[in-house]
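The values are calculated or read from the model by the stated rules, or taken from the named source; none is laboratory data. Not measured: the values here are computed from a predicted model. Every residue, glycine as well, gets a Cβ built from its backbone with ideal geometry; the counts of neighbours run over all protein chains shown.
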Amino acid sequence: MTDRIPESVVEKHDGISTIRTGMELRHWNGIEYKSGMWAENVGSKALSMNVARIPPGGIAYAHIHVGFEVMLYILEGRVRHEFGPRLEHVLENKAGDFIFIEPGVPHEVFNMSETDPVVAVVARSDAREWENIVDFERPS
C-alpha cells in the first residue's frame, strides 16, 4: 500500500461514518483503490470495503488472503481468475457477477481487456485490509 486516506476525509457522526469522495488515493499489487473504509480510518473491527480498479491489461499478481473472506461485485469489465495450489484452475467473471474467495486460496486476477478497466466493490472480513495478504509465487 502506498497512500493513506486522510482522517479529515472521514465524516464521523455518533456511530455512523461517511466518506464522500471518489479519489483514487491508494495502490496495491497492480490495483488502484478508491476511498474505502477499514480499521484505520473508521475504527471497524471486522470489515473493510472499497472500490478496486484494475487498469486495462492489468494484473493483480498471485496472492493469498490469510484468515479472511473476500466478496466482490464486478461493476465494469471482465476478469480471469487463475487459482488453486498451482494456479491450475481458470474462471472468468464479468460485470454483474458476485464473487466469493475463501481464505487461503492462491489466486491471480487478470483484466481481460486492453482498453477498459475492471471496477469492483470489494468487501473483506478483515478490518486491516492488506496486512493479512501474502504474495504467492507462481509455480513453475
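Miscellaneous remarks
- Of the residues screened, residue 108 is one that is under 16 Å from residue 133 (Cα atoms), of a type in the set (Asp, Glu), at pLDDT 95 or above and surrounded by 17 or more Cβ atoms within 10 Å (Cβ to Cβ).
- Residue 137 within 15 Å of residue 59 (Cβ to Cβ), at pLDDT 95 or above and outside any strand (DSSP E or B): no
- Residue that is modelled with the highest pLDDT [pool: residues in segment 9-50 that are surrounded by fewer than 16 Cβ atoms within 10 Å (Cβ to Cβ) and small (Gly, Ala, Ser)]: 46
- Candidate set from segment 114-140 (those that are loosely packed, with under 14 Cβ neighbours inside 10 Å and among the hydroxyl-bearing types (Ser, Thr, Tyr)); member that is nearest to residue 94 (Cα to Cα): 115
- The set of residues in segment 55-65 that are modelled with pLDDT under 95 and under 11 Å from the mean Cα position of the chain (by Cα) contains only 60.
- Matching entry among 128, 138, 124 (being over 20 Å from residue 34 (Cβ atoms) and of a type in the set (Lys, Arg)): 138
- Unmet criterion (only one of (1) assigned to a strand (DSSP E or B); (2) surrounded by 15 or more Cβ atoms within 10 Å (Cβ to Cβ); (3) not acidic (Asp, Glu)) for residue 68: (1)
- Single residue of segment 40-50 satisfying the filter (assigned to a strand (DSSP E or B) and among the polar types (S, T, N, Q)) that is nearest to residue 115 (Cα to Cα): 50
- Looking at 78, 86, 53, just one residue is in contact with a Ser or Thr (Cβ under 9 Å, 6 or more places away or on another chain) and either in contact (Cβ under 8 Å) with a residue 40 or more places away in the chain or closer than 10 Å to residue 112 by Cα (or both), and that residue is 78.
- Yes/no for residue 59 being touching a residue at least 12 places away in the same chain (Cβ under 8 Å), in contact with a strand residue (DSSP E or B) (Cβ under 8 Å, 6 or more places away or on another chain), under 26 Å from residue 40 (Cα atoms) and surrounded by 15 or more Cβ atoms within 10 Å (Cβ to Cβ): no
- Note on segment 79-129: residues that are within 15 Å of the chain's Cα centre (by Cα) and of a type in the set (Lys, Arg) amount to 3.
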